[in-house]
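One structure is given here, and the rest of the page talks about it.
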Amino acid sequence: MTEETEVVSRNFIENIIDQDIEEGHCKKVVTRFPPEPNGYLHIGHAKSILLNSGLAEEYNGTFHLRFDDTNPMKEKTEFVDSIMEDVKWICGDLDPAQVYYASDYFDQMYECAVKLIKKGKAYVCDLTADEIREYRGTLTEPGKDSPYRERSVEENLDLFERMKNDEFQDGEKVLRAKIDMASPNINMRDPIIYRVAHMNHHNTGDKWCIYPMYDFAHPIEDAIEGISHSICTLEFEDHRPLYDWVVRELEFENPPKQIEFSKLYLTNVVTGKRYIKKLVEENIVDGWDDPRLVSIAALRRRGFTPESIRKFMELCGVSKSQSSVDYAMLEYCIREDLKLKRPRMMAVLDPIKLVITNYPENEIEYLDVSNNQENEEMGTRKVPFGRELYIDREDFMIEPPRKYFRLYPGNEVRLMNAYFVTCTDYATDEEGNVTEVYCTYDPETKSGSGFNARKVKGTIHWVCADTAQQAEVRLYENIIDEDKGVYNEDGSLNLNPNSLTIMEHCYVEPALAEAEKAESFQFVRHGYFCVDSKDSSRNHLVFNRIVSLKSSYRPNK
């Protein structure tokens, strides 16, 4: 029964690899994650990172991070650095020997192009970009041959070398693979494999003025690195015949096998680089790592953990069928990861002062408080308690509705981990807003003392006013208005005006003053929060809400 269950649980990619190993086609599993450094990675890329690195680990193979940097027009060192940081965060430290760059193979790619020309499988074409599109045909009509398709090998070799030697302007000439202009797959209709482009490259500088196209470069990179299985998303399925053609015509031994899987789609999120770039440039968000986005950098700053991302990808699974996943499932995963790991601290986000009129003035006592009631191994801490406290405004009402069990005139509640208090009076400002609440406490009711003479229905949290640390707290919602969907009819984004609420005058336990950047906690009743890695400092604490405490999402059992 155990073996049967294990076979059923394996995904289709593992089944393919198992068969390749069994039939002797694969001696060692080598996988890669090949991002183009033209933007920041998002949650969808995390699926590919974890799938490729996980397969290499499962089969005791090797995993490569390779930058497919063949288009310097859109690439920056900033993106290379951010991708490196993201992959390390998800996978752990990478050996420098695991990091590769497509641009390191430009000399070999050039020689590969020359080899195709010599075999009569590539030619230099003078058609403009518009003319090439016109000659390509449609999905229902075949293309027609370029008038330059039958140039001699010698002429093509000469022109291609002159392209390399900077004798032509951008767009003046391209090198095309010579395949089949009548192919039902448009990708096989003599695709461009090199173009003239006078651009400075982040890795090679001004060495090259011609650059390979992605569909030509990618299979060569895989073959050079000995990739056994080139695992990519479904939009590359129609490109697989060209991938196979390149490695076959270039006569690589043990060519890699391309396998496609479905992309990860999250409902009501923005992943498109064009849209995120616009949000950044218009200062709607605080950079590519704004916690309202789902870039990996943003999720990290928001307080998500690598473990929660891994759990999320396990729940999503690997398949060929396209589907969408609710963002609530990602939130479920971070709650599950943090609930037994992180201490539960008290924080008051919308404070009013509570004064215990019969408590000794200028006295501070330290109460024993459990760090996590669901995980006793996390131990206890000392929390200061005194005459004046801060409580959340919502925990007091002058005229409460039925079944309101918190504080109101005449009612008794428990102060969490402390004493029973009874409201005796309150004060308001000129607008009628409550500014202070007055109570008396019963010293016999101290938490942990064994007192059980009477019960109260309400418990509220607090922080000691004399020792509390002031903090800024940022509450996040989806940047998209979920009721309206992601896009308007004109293609613009439906932005949620309440996606960020900044609460500047919050109070937290004094122990939180020592919290490190990115360290996370549960704030009692408010959710999970982390210290902002960008804006927080010892003099100005900033906490981001990672996720609220509850969700309607339930995983399938």
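The values are calculated or read from the model by the stated rules, or taken from the named source; none is laboratory data. Values in this document were obtained by computation on a predicted structure and should not be read as measured data. When we count neighbours, we look across all protein chains shown, and the Cβ atoms used for this are built from the backbone with ideal geometry, even at glycine. These area figures cover heavy atoms from the full protein model, side chains too; ligands, DNA and RNA do not enter into them. Shrake-Rupley method; radii C 1.70, N 1.55, O 1.52, S 1.80 Å.
Key figures
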read-out	value
Length-normalised contact order of the stretch 144-209 in % [C-alpha pairs under 8 Å, at least 6 apart]	30
The stretch 474-557: chymotrypsin sites (Phe, Trp or Tyr not before Pro) in DSSP loop, at most 14 other beta carbons within 10 Å	TYR553
Which of ALA453, HIS526, TYR476, positive extreme of dipole for the stretch 419-545 (C-beta unit charges)	ALA453
Residue-averaged [θ]222 nm for the chain, counting only DSSP H segments that reach four residues, each worth -39500 (n - 2.57)	-8000 deg cm²/dmol
Debye-sum result for the chain in log10 I(q)/I(0), which assumes one identical scatterer on each alpha carbon, at q = 0.06, 0.07, 0.12 Å⁻¹	-0.44, -0.57, -1.18
Per residue Cα convex hull volume in Å³ - calculated over the stretch 95-164	145
Test item: Cα-centred dipole of the stretch 10-160, Lys/Arg +1 and Asp/Glu -1 on Cβ, debye	280
Of SER370, LEU338, LEU389, farthest towards positive along the dipole that unit charges on Lys, Arg, Asp, Glu beta carbons give the stretch 325-393	LEU389
Between the stretch 418-466 and the stretch 85-147, the alpha-carbon center distance in angstrom	71
Accessible-area composition of the stretch 265-381, carbon plus sulfur, in percent [1.4 Å probe]	43
Cut-off 13 Å between beta-carbons: net charge of the residues surrounding LEU338, Lys and Arg +1, Asp and Glu -1	+2
Heavy-atom SASA rank of VAL486, VAL437 (probe 1.4 Å, accessible area, largest first)	VAL486, VAL437
Heavy atoms of CYS232 accessible to a 1.4 Å probe, total area in Å² rounded to 10	20
On Cα atoms only, tilt of 327-338 relative to the major axis of the chain in degrees	60
Highest to lowest packing among 286-297, 326-337, scored as the average C-beta count within 10 Å	286-297, 326-337
Using θ = phi - 60° and Karplus 6.51 cos²θ - 1.76 cosθ + 1.60, couplings along the stretch 391-405 (whole Hz; Gly, Pro as x)	10, 6, 3, 6, 8, 9, 9, 6, 10, x, x, 4, 6, 8, 9
Tilt relative to the chain, helix 12-22 - C-alpha long axis, 0 to 90 degrees, to 10	50
Value of relative contact order over the stretch 1-83, rounded to a whole percent, pairs C-alpha under 8 Å and six or more apart	35
1.4 Å probe accessible area per residue over the stretch 204-307, in Å²	39
Lys/Arg +1, Asp/Glu -1 at C-beta; the stretch 64-153 dipole; positive extreme among ALA102, ALA122, CYS91	ALA122
Mean Cβ neighbour count within 10 Å, used as a protection proxy, ranking 181-189, 111-119, 450-458 highest first	111-119, 181-189, 450-458
Dipole moment magnitude, nearest 20 debye, the chain about Cα centre, only Lys, Arg, Asp, Glu C-beta charged	1020
Mean Cα-pair separation over length for the stretch 37-174, i.e. relative contact order, pairs under 8 Å, 6 or more apart, %	22
THR440 accessible area, assembled protein chains, probe 1.4 Å, Å²	50
Student exercise, the stretch 335-449 dipole from Lys, Arg, Asp, Glu Cβ charges, in Debye to nearest 20	520
DSSP bridge pairs, the chain: antiparallel proportion in percent, nearest 5	70
Rounded accessible area of ILE398 (nearest 10 Å², 1.4 Å probe)	70
In degrees, nearest ten, helix 43-58 long axis to first principal axis of the chain (Cα)	70
Candidates per trypsin sites (Lys or Arg not before Pro) in the stretch 354-412, loop by DSSP, up to 16 other Cβ within 10 Å	ARG402, LYS403
